[in-house]
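**Student:** What follows is a single structure, and I will ask about it in a moment.
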Amino acid sequence: MSTPGMPVSGPGKFSQRTDKQPLAQLSNADYGEQKAYKQLQQDAPMASSPDMPGGAPMDLSQLFQGAAANVVPLGAPSNQPNTPVTDGAAAGPGAGINALGINKDLRQEDLERIKSYMPVLEYMANQTGASWAMRNLVRKVKGIV
Amino acid sequence: MVPDYTYPGQWFDDMGMSVFNLDQSPILGVDLNTSPGLKRDDVFSLTRSLKDSGFDAYGGE
């Protein structure tokens with residue numbers, strides 16, 4: 001959305017800066033509105049304002065200090081010559097996927113949590129008319145080592 | 001079941017929740033909610049553990 005009466009930047013080669021335009025005037029301003037409108041435009045920071053982060057020239061070499069020194073060329077020897085490429089993978093030499101610490105069997109963990117309720121569950125499974133599912137649950141949870 | 005309910009019919013709601021969550025073995029939801037030795041929190045905890053463990057009473061090992 002553009003402000004009425006202000007130049008609009010076009011696409012591609014027609015683009016132009018719109019932040020360096022003269023202050024616009026309201027054509028049908030009431031008493032005091034013209035001054036307030038002018039003040040609003042003057043308050044808006046311009047690109048050349050020293051307060052703007054983009055205003056000051058930026059030295060990229062300073063920003064990424066020594067970045068080129070950390071780049072390993074494609075043909076360079078490995079920085080970890082004793083680590084196999086399959087390290088951390090599920091196959092091949094090196095540490096397995098367990099080294100990542102994310103292979104914990106969560107299902108087993110939940111069943112183990114159920115174990116703490118075993119006395120009650122056993123009581124329920126031993127009742128006459130106990131469901132097959134309950135008896136099977138007790139059997140399975142008991143089977144957890 | 002210890003009667004720690006706050007509104008009438010809550011027992012049915014709880015049982016429905018258990019049965020719904022234990023869709024593989026819904027009868028377990030009924031069993032848990034009719035157990036004399038379990039509190040509501042216990043039933044919730046057990047239901048959650050059973051659901052998360054993917055326990056299927058009628059499935060194979």
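**Student:** Could you check the stretch A:123-145 and list, in sequence order, the residues that are part of a helix (DSSP H, G or I) and crowded, with 16+ Cβ neighbours inside 10 Å?
**Tutor:** Within the stretch A:123-145, A:Met124, A:Ala125, A:Ala133, A:Met134, A:Arg135, A:Asn136, A:Leu137, A:Val138, A:Lys140, A:Val141 qualify.
**Student:** Could you list, in sequence order, all residues of the stretch B:23-56 that are at pLDDT 85 or above, more than 9 Å from chain A (Cβ to nearest Cβ) and in a loop (DSSP other than H, G, I, E, B)?
**Tutor:** Passing the criteria: only B:Lys39.
**Student:** While we're on this one: Specify the residue that is nearest to the chain's Cα centre (by Cα); the eligible residues are those in the stretch A:63-85 that are under 25 Å from A:Ala95 (Cα atoms) and open to solvent by less than 90 Å² (accessible area, probe 1.4 Å).
**Tutor:** Step by step, filter the stretch A:63-85, then rank; the result is A:Val72.
**Student:** Residues that are open to solvent by less than 100 Å² (accessible area, probe 1.4 Å), more than 14 Å from chain B (Cβ to nearest Cβ) and modelled with pLDDT of 85 or more: does the stretch A:54-61 have at least one?
**Tutor:** Checked the stretch A:54-61: no residue is open to solvent by less than 100 Å² (accessible area, probe 1.4 Å), more than 14 Å from chain B (Cβ to nearest Cβ) and modelled with pLDDT of 85 or more.
**Student:** If you don't mind, there's one more thing I want to ask. Check off (1) loosely packed, with under 13 Cβ neighbours inside 10 Å; (2) at the interface with chain A (Cβ under 8 Å from one of its Cβ atoms) for B:Phe12 and give me the number that stays unchecked.
**Tutor:** (2)
The values are calculated or read from the model by the stated rules, or taken from the named source; none is laboratory data. A quick note: this is a predicted structure, and the numbers were derived from the prediction, not measured. Note: ideal-geometry Cβ built from the backbone for every residue, glycine included; neighbour counts use all protein chains shown. SASA here: full protein model, heavy atoms, side chains in, ligands and nucleic acids out. Shrake-Rupley method; radii C 1.70, N 1.55, O 1.52, S 1.80 Å.
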